[in-house]
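A.B. asks: Right, I'll just put the structure down here and ask away after.
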Amino acid sequence: MALSEVHWDHQIPLPKLAPVRAKLTVALVALLCFINSYDGEFVFDDSEAIVNNKDLKPTTPLNNIWTNDFWGSNLSSNSSHKSYRPLTVLTFRLNYLLAGGLQPIGFHMLNIVLHAIISALMIDMFAILIGGLAYDEKDKIVNLAPKTSLLAALFFAAHPVHTESVAGIVGRADLLCALFFQLSFLTYCKAFNTGRGLFTTPNNHSPCTVILYSTKDCDVVRTGLLTRLALMALGGLAMLYARWRIMGTGPPAFTEVDNPASFAENIFLRIVNYNYYYSLNAWLLLCPWWLCFDWSMGCVPLIKAATDWRTAWLLLLWCVLIGLTSQALCSQDSQRRRTLTLGLVLLVVPFLPACNIFFRVGFVVAERVLYLSSAGYCLLLAYSLGHCCCRWNKYKKLVCVAVLLLLCVYVARCALRSHQWRTEQSLFTSALSVCPLNAKVHYNVGKNLADRGNTTAAIRYYREAVRLHPSYVHAMNNLGNILKERNELVEAEQLLSKAVSIQPDFAAAWMNLGIVQNSLQKFEEAELSYWNAIRFRKKYPDCYYNLGRLESEGFFLHALRINPNSASCHGNLAVLYHRWGKLELAKKHYELSLKLDPEAPGTRDNYNMLRRKLDQLQRSAP
């Protein structure tokens, strides 16, 4: 169908590139923005989804990816997040096979290449959304808005909000979602234009249909419209039902710290806070400088009163949306109506699953869910700049400078943010200035410091995490472990006891509490703690080992209470302490054994071995 050229497009101060050159330009910009993350580590959620995910290993049956969630847990488990992404896990498995193991470079490179491909395909998608369906005799898209679509694609390629999806390997799920959306949309458009495959090609993306039919004038919508809509609606409902069955016919269970607004008792406060979350997402699209890997646990305090100044942001958001919607519906310019309508649809529809309307989600703000929605924003931004050039023609050079400056800022911000995503240390530390009230940020900084051996600094961040969130049991457990190693046993016991009182099924905390109680010679309490850990985690070899240690130590100590002059009991207890690394206790009982029986078999040799080790440690000490 022949459509008129978009009237504002020629006013945009950009060169009109050939289709292939335009796509290559956009792809190169996308690569430039994120290429410095290619040699990054596995960070944050990558640890669970990739490093600890058994579904990636060749020894695991391939069928498991269809019955397990994204993190490798069975979907029927109560602890499963119900995130079902088997195709994404399959690509991780292919990465693992091709690299011969967990080599992060291959994982990162595929993410970067996928983003470049998606960004290049955005030109064709924007061309259809802005200019309508127009194909030449070779069935190739005729771009009636080449400059606008190029500008929008450049904004998309360089938008910093995409960093989490591209530099974070688990973001591949969002990349693949966007890619399949584009391919289904473009395939449908081609089939619709040629009149072939109208009943077989588009079988899944209902939002594509809504967008597509908005690009066609009413005089070309054929009588098969209702049939096609019915078929796609049925296909969509069938897939939703299948997805629901796979989830176990129930949503995942989230806690208040994951999404505090959804637990607000007052429905009015819940709605107000949801809308404030929407305004934060809109701000991330407008000004993507304030980026954080996690927005939970106090990062965004709840609005609890109408006098809270933050309510102004959600009012501003709705004023802008209502203004854009009125222009989209009431404008006399059909091209303007189509562009605004489809830009808003592309902005809002992909965001709907994350807006807490249909079900509770497990996050406050998540930059990754804006990956596809940002395409709608970029389309609206490019249209706005084109409209400004058309209306204020004499300021075109100023607009050109503004566009170049904005793109440069985007590229620089992408480079900086993707560099921060290269290591957990830089990623977690960067969040301290963005979300200083987020207990999980302090916890992750502390955990990273502890893993690198800096336990003194780790203690400070763990304490801050517990202060910000007094029921943060994982921070208590990790802090208790460090204090245990520093022989600060009384405080360690207090922290671990509080952790298990808050979360009675926390098996690891029960085991660690047992170890501390054993060190304090509270043997009966330690045994009870070990059995509690085993009760909540049946397969817990570490706990069985500690329980065995406790019983063996307890038997020897009981024997010594009955007969303190038993050289063999002192010698065997010394061997246990020697193996466990309790060198001073081992030395004490070796000496007692030798004092009682200087000829005790093997004791002298073990004692001399211990002395050499102690001397070596003393010489190596600073």
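A.B. asks: What's the extension gain from E485 to D39 if we count 0.36 nm per residue and subtract their Cα-Cα distance?
C.D. replies: Contour length minus the Cα-Cα distance gives 157.1 nm.
A.B. asks: Local charge sum around A120 (other residues, Cβ-Cβ under 13 Å, Lys/Arg +1, Asp/Glu -1)?
C.D. replies: Value of the local net charge: +1.
A.B. asks: Counting each DSSP H run of 4 or more residues in the chain as -39500 (n - 2.57), what helix-only mean residue ellipticity at 222 nm follows after dividing by all residues, to the nearest 500 deg cm²/dmol?
C.D. replies: Taking each H run of at least 4 residues, the total per residue is -20500 deg cm²/dmol.
A.B. asks: Which one of N64, Q521, L416 is farthest out on the positive end of the charge dipole of the chain, using unit charges on Cβ (Lys, Arg +1; Asp, Glu -1) and the Cα centre as origin?
C.D. replies: L416
A.B. asks: Would you mind checking the tilt of helix 19-34 against the longest principal axis of the Cα atoms of the chain, expressed as 0 to 90 degrees and rounded to 10?
C.D. replies: Taking Cα atoms only, the helix is inclined about 30 degrees.
A.B. asks: Quickly work out the L226-to-Q618 label distance, labels modelled 7 Å from Cα along the C-beta direction, and quote it in nm with one decimal.
C.D. replies: Rounded to a tenth, the inter-label distance reads 9.6 nm.
A.B. asks: How long are the semi-axes of the ellipsoid equivalent to the range 19-190, from square roots of 5 times the Cα gyration tensor eigenvalues, in whole Å, largest first?
C.D. replies: 34, 18, 13
A.B. asks: How far is helix 396-420 tilted, in degrees, relative to the longest principal axis of the Cα atoms in the chain, given as a value from 0 to 90 rounded to the nearest 10?
C.D. replies: 20
A.B. asks: Next up: State the Cα centre-to-centre distance between the range 121-198 and the range 99-118 in whole Å.
C.D. replies: 21
A.B. asks: Ok, one more. Take E464, E524, E137 and order them by how many other Cβ atoms sit within 10 Å, fewest up front.
C.D. replies: E137, E524, E464
A.B. asks: Can I ask one more? Taking just the C-alpha trace of the range 462-513, give me its Rg and Dmax in Å.
C.D. replies: 9.7, 26
A.B. asks: Here is a further query. Run the quick spin-label model on S471 and A312: label points 7 Å from Cα toward the beta carbon, then report their separation in nm to one decimal.
C.D. replies: About 3.4 nm, to one decimal.
A.B. asks: With r defined as the distance between the Cβ atoms of K588 and W289 and R0 fixed at 56 Å, what FRET efficiency is calculated, to the nearest 0.05?
C.D. replies: Approximately 0.40, to the nearest 0.05.
A.B. asks: In the neighborhood of K522, defined by Cβ-to-Cβ distances under 14 Å, what is the net charge if each Lys or Arg adds +1 and each Asp or Glu adds -1?
C.D. replies: Once all neighbours under 14 Å are counted, the net charge is -4.
A.B. asks: Roughly how many whole Å is it from the C-alpha centroid of the range 473-527 to that of the range 74-94?
C.D. replies: Distance between centres, Cα-based: 33 Å.
A.B. asks: Provide V364, V399 in ascending order of the number of other Cβ atoms located within 10 Å of each residue's Cβ, fewest first.
C.D. replies: V399, V364
A.B. asks: Among H10, H108, H162, which comes first, second and so on when ranked by fewest other beta-carbon atoms within 10 Å?
C.D. replies: By the 10 Å Cβ count, ascending, the order reads H10, H108, H162.
A.B. asks: Report the Stokes-Einstein translational diffusion coefficient (µm² s⁻¹, integer) for the range 391-522, Rh taken as the Kirkwood radius over Cα pairs, at 25 °C with viscosity 0.890 mPa s.
C.D. replies: 142
A.B. asks: Compute, for the chain, the length of the dipole vector about the Cα centre, with Cβ point charges of +1 (Lys, Arg) and -1 (Asp, Glu) only. Units Debye, rounded to 20.
C.D. replies: Result for the chain is approximately 940 debye, rounded to the nearest 20.
A.B. asks: Along the range 524-535, what does the Karplus equation 6.51 cos²θ - 1.76 cosθ + 1.60 (θ = phi - 60°) give for ³J(HN,Hα), rounded to whole Hz, x for Gly and Pro?
C.D. replies: For the range 524-535, the Karplus-derived couplings read 5, 5, 4, 4, 4, 5, 4, 5, 5, 4, 5, 5 Hz, x marking Gly and Pro.
A.B. asks: Note the angle between two axes, namely the Cα long axis of helix 439-451 and the longest principal axis of the Cα atoms of the chain, as a number of degrees from 0 to 90, rounded to the nearest 10.
C.D. replies: The helix 439-451 is inclined about 50 degrees to the chain.
A.B. asks: Using the Cα centre as the reference, give the magnitude of the dipole from point charges on the C-beta atoms of the range 19-190 (Lys, Arg: +1; Asp, Glu: -1; all else neutral), rounded to the nearest 20 debye.
C.D. replies: 360
A.B. asks: Tell me the Kirkwood radius of the chain: reciprocal of the mean inverse pair distance over distinct alpha-carbon atoms, in Å.
C.D. replies: After inverting the mean inverse Cα-Cα distance, the result is 28.3 Å.
A.B. asks: Quick check: pseudo-label points 7 Å beyond the Cα along Cα→Cβ at V113 and I246, how many nm apart are they?
C.D. replies: 2.5
A.B. asks: Here's a follow-up. Report the relative contact order of the chain, percent, no decimals, based on alpha-carbon pairs under 8 angstrom and at least 6 residues apart.
C.D. replies: Rounded, it is 13 percent for the chain.
A.B. asks: From the P(r) of the range 126-177, can you give the percent of Cα pairs sitting at distances over 19 Å?
C.D. replies: Beyond 19 Å sits 47 percent of the P(r) for the range 126-177.
A.B. asks: What Kirkwood hydrodynamic radius do you get for the range 475-622 when you take the inverse of the mean 1/r over all pairs of distinct Cα atoms, in Å?
C.D. replies: In the range 475-622 this quantity evaluates to 16.6 Å.
A.B. asks: Ok, one more. Which residue, chosen from S497, I562, P601, occupies the Cα position most advanced towards the positive end of the dipole of the range 495-622, where the dipole is computed from +1 (Lys, Arg) and -1 (Asp, Glu) charges on Cβ about the Cα centre?
C.D. replies: Most positive-ward Cα: S497.
A.B. asks: Take peptides 319-325, 48-54, 411-417, 371-377 and line them up by average Cβ neighbours within 10 Å, highest first, as a rough protection proxy.
C.D. replies: In decreasing order of mean packing, 319-325, 48-54, 411-417, 371-377 become 371-377, 411-417, 48-54, 319-325.
A.B. asks: Going by amide H atoms built from the backbone, whose H comes under 5 Å of the H on Y135, apart from near neighbours?
C.D. replies: Sorted by chain and number, the residues that satisfy this are V142.
A.B. asks: I'd like the FRET efficiency for L576 and K539, computed as 1/(1 + (r/R0)^6) with the beta carbon distance as r and R0 of 35 Å, rounded to 0.05.
C.D. replies: After rounding, the FRET efficiency stands at 0.90.
No lab work stands behind these numbers, since they all come straight from the coordinates. From a predicted model like this one, the values you see are computed outputs, not experimental measurements. Because the Cβ atoms are built from the backbone with ideal geometry, glycine has one as well, and the counts that use them run over all protein chains shown.
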